[in-house]
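These notes are about the structure you will find just below.
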Amino acid sequence: MFQHSLAMDSPIVTQLFKQLFRHRACQPRRNFAQLATTIQHVRRLQQRSFSSRRGGKVTPSNESNWQQRTAIFTADMSEEYKQYPMVTAMDLRNRKERPKRVKMLMRDFIEDSLYNPNYGYFSKQVVIFSPGEPFNFPSLRDELEFHSQLSKRYVEFEDSLDAVEPSDTRQLWYTPTELFRPYYGEAIARYLVANYKLTTYPYHDLIIYEMGAGRGTLMLNILDYIRAIDPAVYDRTKYKIIEISSQLANIQNSQLLSNAASRGHANKVEIINKSIFDWDQPVPSPCFFLAFEVFDNFAHDIVRYDLSTEEPLQGTVLIDEGGDFYDFYEPVLDPVAARLLRVRHAATGGRYSLPYPATRLGRWLQANRPFAPNLSQPEYLPTRLMQFFDVLERYFPAHRLVTSDFHSLPDAIAGMNAPVVQTRYERRPVPVTTPLVHQGYFDIMFPTDFRITEAIYQAITGKLTKVLSHEDFMRRWAYMEETETRSGENPLLSWYKNASVMFTV
């Protein structure tokens, strides 16, 4: 067993966040400067500690329990690791307080941090920006003017929220559906109607499932478009939202009833407030399954590799009695992570990257550098994504998937397929360098490797797919003139260069 010391922002920054967020409404605005200064101070201390260690080798007291060489040595938590019970995100679902004196796999820690109904990020923290009236792109001079107008509306939107309930820790984010309303949703609607007519119309209804529907804007834009353009198809349309967050499910219901036009869709829509991973009802009918910016918040496992044997070791998170975090690595993979590695290898024919040199000499040189760690850089495995494909294959056998997400993300933490981990404080982003952060206050967002994802999806479901860039998909299905500025620039095409679309064919 390897204990990995956290040469990252935790636990000091985590402790500071606990203090800052204990009484959120009365925190002075100077706390952000305090937070930023502390993060930088921790990083300087880490760098100084790393450079002062010569050789840095630790001799294990026994072969099965020793601490990995890293930039900072933390307390030896091996005895606590043996004693603390192993729990899962499911075990913690009904807890109202963050757990202590437990250990769990990394995917369970991330799942609990993001989705716990009582303290998870998406349960309590998230507000989705709505820009109000759609932007009139043809009247805008260029992208710069669009950005200026967007920034102005963004500030006004948050000012209006603060006027009702001030918050320094509000997690406010936007989606392409909101920014390019209704044009983005109409492009998706054209794709759905065209493919529905080419495949199952008129023998089956147009059944649409959407997961992660946010404010419900995409739903309304799609239904508005189909009702206006093809009433015969609209008569056959059923729209079902699967939403894990009770807060967002309530917002979606409010959107549906907000005006006469949207209320006209009420008999077309069903909002199902549950996790897709709790799904247990077979859906034999042909359907489209929409998942936009959903994969990026699926929980991942973490592994590191022994540089001498290339053996993977799976990461477990220990939470001590003070709420601080330690990660441990063991050479025994749980069945889910082991299956992901097998499926990936079979689906890709062994053609995928790993976080260490491919040659024996390269691995030896990496392992013997000064201050080198015992293990490779971490690799984050999309185990929850694999389980989502299992759900589609088992319960939605006639589905056609349409999904869009980020294939790369700036400012990710260290590691292969590593996430961006950040929170928002006093309207400014605060990035950190570890996913082991105070649960519920940080977004943990992963990139999607669409080459690997496509291969795994095909292997599990037996379906064929196509992957396009966001720009190429929109060029095929959006009306370009609706989002083009006077300069010829088109924000719908240029703002999501790091996103891709995958769909079943």
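The values are calculated or read from the model by the stated rules, or taken from the named source; none is laboratory data. The shown structure was predicted, so the numbers you read here are calculated from the model rather than taken from an experiment. Every residue, glycine as well, gets a Cβ built from its backbone with ideal geometry; the counts of neighbours run over all protein chains shown. What goes into the accessible areas is simple: the full protein's heavy atoms, side chains included, and nothing from ligands, DNA or RNA. Shrake-Rupley method; radii C 1.70, N 1.55, O 1.52, S 1.80 Å.
Side notes on the structure shown:
- Residue pairs whose Cβ atoms lie under 6 Å apart, sitting 6 or more positions apart in sequence or on different chains, and linking a residue in the stretch 104-118 that is farther than 15 Å from residue 296 by Cβ and open to solvent by 10 Å² or more (accessible area, probe 1.4 Å) to a partner that is outside any helix (DSSP H, G or I) and among the basic types (Lys, Arg), are 118/96.
- The set of residues in the stretch 241-252 being touching a residue at least 24 places away in the same chain (Cβ under 8 Å) and open to solvent by 40 Å² or more (accessible area, probe 1.4 Å) consists of 244, 246, 247, 251.
- Residues of the stretch 420-430 classified as under 23 Å from residue 162 (Cβ atoms) and either without any contact (Cβ under 8 Å) to a residue 40 or more places away in the chain or among the charged types (D, E, K, R) (or both), total: 6
- Identity of the residue in the stretch 87-103, in contact (Cβ under 8 Å) with a residue 60 or more places away in the chain and assigned to a loop (DSSP other than H, G, I, E, B), that ends up surrounded by the most Cβ atoms within 10 Å (Cβ to Cβ): 89
- Count - residues of the stretch 401-447 that are open to solvent by 20 Å² or more (accessible area, probe 1.4 Å), assigned to a strand (DSSP E or B), touching a helix residue (DSSP H, G or I) at 6+ places or on another chain (Cβ under 7 Å) and farther than 30 Å from residue 206 by Cβ: 3
- Here the stretch 347-358 is the region considered, the condition is being open to solvent by less than 80 Å² (accessible area, probe 1.4 Å) and either more than 15 Å from residue 310 (Cβ to Cβ) or more than 27 Å from the chain's Cα centre (by Cα) (or both), and the residue that is modelled with the lowest pLDDT is 357.
- Within the stretch 317-334, the set of residues being open to solvent by 10 Å² or more (accessible area, probe 1.4 Å) and either assigned to a strand (DSSP E or B) or in contact with a Leu (Cβ under 8 Å, 6 or more places away or on another chain) (or both) comprises 326, 330, 331, 333, 334.
- Residues that are surrounded by 21 or more Cβ atoms within 10 Å (Cβ to Cβ) and touching a Gly at 6+ places or on another chain (Cβ under 9 Å) within the stretch 161-199 comprise just one, 177.
- Subset of the stretch 219-240 that is among the hydroxyl-bearing types (Ser, Thr, Tyr) and closer than 19 Å to residue 396 by Cα - its residue that is surrounded by the most Cβ atoms within 10 Å (Cβ to Cβ): 239
- Hits in the stretch 234-260 (condition: aliphatic (A, V, I, L, M), in contact with a Lys or Arg (Cβ under 9 Å, 6 or more places away or on another chain) and over 18 Å from residue 208 (Cα atoms)): 248, 251, 257
- Close pairs from the stretch 282-301: first under 20 Å from residue 197 (Cα atoms), partner modelled with pLDDT under 95 and part of a loop (DSSP other than H, G, I, E, B), Cβ under 9 Å, at least 6 apart: 290/212; 290/213
- Which listed residue is open to solvent by 10 Å² or more (accessible area, probe 1.4 Å), in a helix (DSSP H, G or I), out of contact with any Pro (no Cβ under 8 Å at 6 or more places or on another chain) and under 22 Å from residue 180 (Cβ atoms), from 454, 393, 471, 481: 471
- Considering only residues in the stretch 120-142 that are open to solvent by 10 Å² or more (accessible area, probe 1.4 Å) and of a type in the set (Ser, Thr, Tyr), the one that is nearest to residue 439 (Cα to Cα) turns out to be 123.
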